[in-house]
Amino acid sequence: MSEPLYQIPFIPELPAPPKPRQRWVLHITLFVLTFITCTMAGVAWTMRDPYEIENWCFGFTYAILLLLFLSSHEFGHYFAARIHKEILEKRRIITGTSSDPRTLRLLPPLCVNEKEIDSFVDALREVVS
């Protein structure tokens, strides 16, 4: 087997970025406001006045289902980002996403040999398991 045409350059160790401030109060406030506005939208779907708090019980189902759906979608992005980060930090493999959620791209697109593909598959198995 011949040498690959392209050698992946050495990526030096990067210093850890500073930890961001935790802003729990902001996040909880935004979630509560989102829940209230979704509840009001659900009340409006039932043709009742969403500005009367007594009618909000008619919008709870709508708000809960909508926020569960949106939360599960957004947590998918979070878990994908964790996988990308671990592969980059542990194995120095740069990955990206695609419009197809079943596709994980290697960056930059290279002509890789079997050994490099095996190395990537091993790294992916290690991170996912």
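Take the residues in region 37-84 that are surrounded by fewer than 16 Cβ atoms within 10 Å (Cβ to Cβ) and among the hydroxyl-bearing types (Ser, Thr, Tyr), then tell me which one is nearest to residue 127 (Cα to Cα).
Here the residue is 78.
Under 6 Å by Cβ, and 6 or more places apart or on different chains, what pairs join a residue from region 1-28 that is over 17 Å from residue 93 (Cα atoms) with one that is modelled with pLDDT under 60 and exposed (fewer than 10 other Cβ atoms within 10 Å of the Cβ)?
none
Listed residues 106, 65; which is over 13 Å from the mean Cα position of the chain (by Cα) and at pLDDT below 90?
Just a single option satisfies the conditions, and that option is 106.
The values are calculated or read from the model by the stated rules, or taken from the named source; none is laboratory data. Predicted, not measured: the structure shown is a model, and the values here were computed from it. Don't worry about glycine lacking a Cβ; one is built from the backbone with ideal geometry, like all the others, and counts go over all protein chains shown.
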